[in-house]
């Protein structure tokens, strides 16, 4: 089963980084966040990827073109027609990666529609190139197979941005909870499983997958939510990047399941 990753957006909300490179190439622990996402899928045995490229997509192509060299000890003999000798290398990932140009200004639905030829008439996984999680991908897929709907989305409960006070009638603060999870709200956390019929819900490049296609799927009762109560974090801002970097440096990153 192929894993489709949306990698083409401008990343304007983290422009401090994205003006230099595409958002999925922003590094956490000296590795692109895209690498972290792919390592998670690979841990569960999903090693075929289709990356939907757009903004600065050439940088993602260059990364994978040179991937083997990054972890290798190499001698370049410039006097002998630039002969290259590889002495040793780190373990090679078991990945097959298709890098698809899906347009600079194409919306998310359009990007998905454009890679239909690489997915074919088979179910596939889909996620965003800016979020990490410790969701159990195999359990997610098993859940999808059981309910029989066209789409499964991973539903998550993000932490709030502000601390919450518990206050009694005489204005005494009884409780302070720093950035609690909202037990009421579930949001789309990516990490989806989709049947090929989903392509029929996407008209053209200007369709945002999160709007008309998903709204129509919901109206048709064709979406199921896989509720994930573990770790999930997207990288929407520089602050989010710093949070993820801090977690990674602690040596206890929850998404490092490999």
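The values are calculated or read from the model by the stated rules, or taken from the named source; none is laboratory data. Note that the coordinates shown come from a computational prediction; the quantities given were computed from them, not determined experimentally. Virtual Cβ from ideal backbone geometry, glycine too; neighbours counted across all protein chains shown.
All conditions in (1) out of contact with any helix residue (DSSP H, G or I) (no Cβ under 9 Å at 6 or more places or on another chain); (2) farther than 17 Å from residue 202 by Cα; (3) surrounded by 14 or more Cβ atoms within 10 Å (Cβ to Cβ) hold for residue 118, with the sole exception of (2). All of (1) out of contact with any strand residue (DSSP E or B) (no Cβ under 6 Å at 6 or more places or on another chain); (2) loosely packed, with under 14 Cβ neighbours inside 10 Å hold for residue 113 with one exception: (2).
Where helices (runs of 4 or more DSSP H) sit wholly within the range 7-107, those with at least 1 residues that are under 28 Å from residue 120 (Cβ atoms) occupy 33-43, 57-65, 67-70. Among the residues of the range 44-61, write down those that are loosely packed, with under 14 Cβ neighbours inside 10 Å and either on the phi > 0 side of the Ramachandran plot or within 16 Å of the chain's Cα centre (by Cα) (or both). 45 - this is the single residue of the range 44-61 that is loosely packed, with under 14 Cβ neighbours inside 10 Å and either on the phi > 0 side of the Ramachandran plot or within 16 Å of the chain's Cα centre (by Cα) (or both). When the range 241-252 is filtered for residues that are under 18 Å from residue 24 (Cβ atoms) and either in contact (Cβ under 8 Å) with a residue 40 or more places away in the chain or loosely packed, with under 11 Cβ neighbours inside 10 Å (or both), the ones remaining, listed by number, are 241, 244, 245, 248. Being outside any helix (DSSP H, G or I), in contact with a helix residue (DSSP H, G or I) (Cβ under 6 Å, 6 or more places away or on another chain), farther than 20 Å from residue 107 by Cβ and modelled with pLDDT of 95 or more narrows it down to one residue among 193, 207; which is it? The unique qualifying residue is 193.
Per the listing 143, 68, 76, 64, the residue uniquely out of contact with any helix residue (DSSP H, G or I) (no Cβ under 7 Å at 6 or more places or on another chain), surrounded by 13 or more Cβ atoms within 10 Å (Cβ to Cβ) and more than 27 Å from residue 8 (Cβ to Cβ) is 143. Scanning the range 210-242 for residues that are under 18 Å from residue 35 (Cβ atoms) and assigned to a helix (DSSP H, G or I) yields 240, 241.
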